[in-house]
Amino acid sequence: MKQTLKLFAKVKLLMLDVDGVLTRGDIIYDDTGRELKHFNVQDGLGVVLLNKFGIKTVIVTAKDGHVVRKRADDMRVVEVVAGILPKESILPSVVKKYNVEPEEICFMGDDLIDIGLIEKVGVGVAVNDAHALVKKNADYVTKKCGGEGAVREVIDLILKARKLDRKVMAWVRNPVL
């Protein structure tokens, strides 16, 4: 556990893929063609907590959509970068905009288009049900699958590694969003 916490201790920015990370990877269309996604509420609160304690979250996804932007707004994500490939091409502007070094960024992904960014940040994370090559290139593989609390698992590690877990507990006793 000590080594795992050391890995996450420098994280100042979390970047997330959507399909397969914030969701289980299912894309559902209703009869009118509207896209539906299933998100994990604990992942969402985790993102809110990170933001509350000074660690921003950016969504990086190859696909844009109203559902993603709505969920990002609910979670107080600072930016959604959508429709971008290769994903690692966003890194220089994120580093500059948020005044962080690549080593201070954690990115979570699940599929082949995420490998480039996973390799270029300080902590590359693959969700448990990620493609085998993504897992092979990641610094950490979650115990949980995408859409089933994997993001919260990583957020809890970041908070503990950054020694913010006590502040979180104090906030829980007197929450003010």
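Computed from the coordinates by the stated procedures, all read-outs in this text should not be read as laboratory data. Treat the numbers as computed from the prediction; the structure is a model and nothing was measured. Note: ideal-geometry Cβ built from the backbone for every residue, glycine included; neighbour counts use all protein chains shown.
Computed over neighbours whose Cβ is under 14 Å from that of ILE118, the net charge equals -4, Lys and Arg +1, Asp and Glu -1.
Based on Cα contacts under 8 Å between residues 6+ apart, the chain shows a relative contact order of 27 percent. Using bins of 10 Å that start at zero, the share of Cα-Cα pairs per bin across segment 2-169 amounts to 11, 43, 37, 8, 1, 0, in whole %. For a modelled paramagnetic label at GLU35, 7 Å from Cα along Cα-to-Cβ, the residues of segment 54-71 in reach, with backbone nitrogen under 14 Å, are 60-71.
Residues in segment 69-86 carry Karplus couplings, in order, of 5, 5, 5, 4, 5, 4, 8, 6, 5, 6, 7, 10, 9, 10, x, 10, 8, x Hz; the curve used is 6.51 cos²θ - 1.76 cosθ + 1.60 with θ = phi - 60°, and Gly or Pro positions show x. What is segment 108-167 by shape, rounded, prolate or oblate, if you read a ≥ b ≥ c off the alpha carbon gyration tensor as root eigenvalues and call it rounded for a/c under 1.5, prolate for a/b larger than b/c, and oblate otherwise? Here segment 108-167 falls in the oblate category. Comparing Cα centroids, segment 73-90 and segment 102-143 end up 16 angstrom apart. Charges on Cβ only, +1 for Lys and Arg, -1 for Asp and Glu, centred on the Cα centroid of segment 29-159; of GLY116, GLY65, ASN128, which one is farthest towards the dipole's positive end? Result: GLY65, furthest along the dipole toward the positive end.
Rank the residues MET169, MET108, MET15, MET75 as a footprinting-exposure proxy: fewest other Cβ atoms within 10 Å of their Cβ go first. Final ranking by Cβ density, sparse to dense: MET169, MET75, MET15, MET108. With a cut-off of 20 Å, note down the residues of segment 33-75 whose backbone N falls inside the zone around a label point 7 Å from the Cα of LEU5 toward its beta carbon. Only 50, 53-55 fall inside the zone, counting backbone N under 20 Å. Note: relative contact order over segment 27-120, using C-alpha pairs below 8 Å and six or more positions apart, is 21 percent. Between VAL81 and ILE59, VAL60, THR61, the built amide H atoms are under 5 Å apart, and every one of these is 5 or more places off in sequence or on another chain. Count Lys and Arg as plus one, Asp and Glu as minus one, and take only other residues whose Cβ is under 14 Å from that of ASN174; the net charge is then +4.
How do ASP74, ASP43, ASP110 rank when sorted from fewest to most other Cβ atoms within 10 Å of their own Cβ?
By the 10 Å Cβ count, ascending: ASP74, ASP43, ASP110.
Estimated from helical segments only, the mean residue ellipticity of the chain at 222 nm is -11000 deg cm²/dmol, where each DSSP H run of four or more residues counts as -39500 (n - 2.57).
The ranking of VAL125, VAL78 from fewest to most other beta carbons within 10 Å of each one's beta carbon is VAL78, VAL125.
Amide H to amide H under 5 Å from LYS56: which residues, 5+ apart in sequence or cross-chain, H placed 1.01 Å off N in plane? Correct list: LEU14. Subtracting the Cα-Cα distance of ASP64 and ILE28 from their residue separation scaled by 0.36 nm leaves 11.5 nm. A simple count of charges around ASN40, restricted to other residues whose Cβ falls under 10 Å of its Cβ and scoring Lys, Arg +1 and Asp, Glu -1, yields +1.
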